[in-house]
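These notes concern the structure reproduced below.
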Amino acid sequence: MKVLIVDDNILTRDMIKDILQEMSHQVVGEAGNFDEAVKAFRELSPELVLLDLIMPGKTGLEVLEEIRLINPAAKVIMVTAVQQDEINKKLFEKGATAILHKPFSYAELEAVLKQVS
């Protein structure tokens, strides 16, 4: 699967990238903020986006909304350390395909990827 990773923390992006490549997925791009994420999504047309919720400037929720405007069928897994039912509900209402809570294991990421593919 062709994946775009969006997270403001480069170490987190590297860790996710290593795991995805180990699982034989292709990381087609990375982004650290709203503008980079939207530009990469438009240019790369990934099959899946792994999107951090909390980033400086515009949030992952705002990125999700913009991605949905570009492609309403986009698959977006929200990655967050925030575990609140209200936030989860809002993410699903805005079009998140799945939510992955940090810290997550290899098996948890693998299970979510199987769920959305």
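The values are calculated or read from the model by the stated rules, or taken from the named source; none is laboratory data. Since we're looking at a predicted model, the values are computed, not measured. Cβ placement follows ideal geometry from the backbone for every residue including glycine, while neighbour counts extend to all protein chains displayed. Note: areas computed on protein heavy atoms with side chains; ligands, DNA, RNA excluded. Shrake-Rupley method; radii C 1.70, N 1.55, O 1.52, S 1.80 Å.
Solvent-accessible surface of protein heavy atoms, probed at 1.4 angstrom with all chains present, puts ILE77, ILE19 in the order ILE19, ILE77, largest first.
A 1.4 Å probe run over the protein chains yields, for the chain, 53 Å² of accessible area per residue, whole-number rounding. Taking all protein chains together, THR80, THR12 sort by accessible area into THR12, THR80, largest first [probe 1.4 Å]. Equivalent-ellipsoid semi-axes for the chain (Cα gyration tensor, √(5λ), whole Å, largest first): 18, 17, 14.
Nonpolar atom fraction for the chain, defined as the carbon and sulfur part of the 1.4 Å probe accessible area, stands at 50 percent. Take every Cα pair under 8 Å whose residues are at least 6 apart in sequence, average their separation, divide by the length of the stretch 30-87, and the relative contact order is 37 percent. In this label model, GLU93 and SER117 are separated by 3.2 nm, measuring between points 7 Å along each Cα→Cβ vector.
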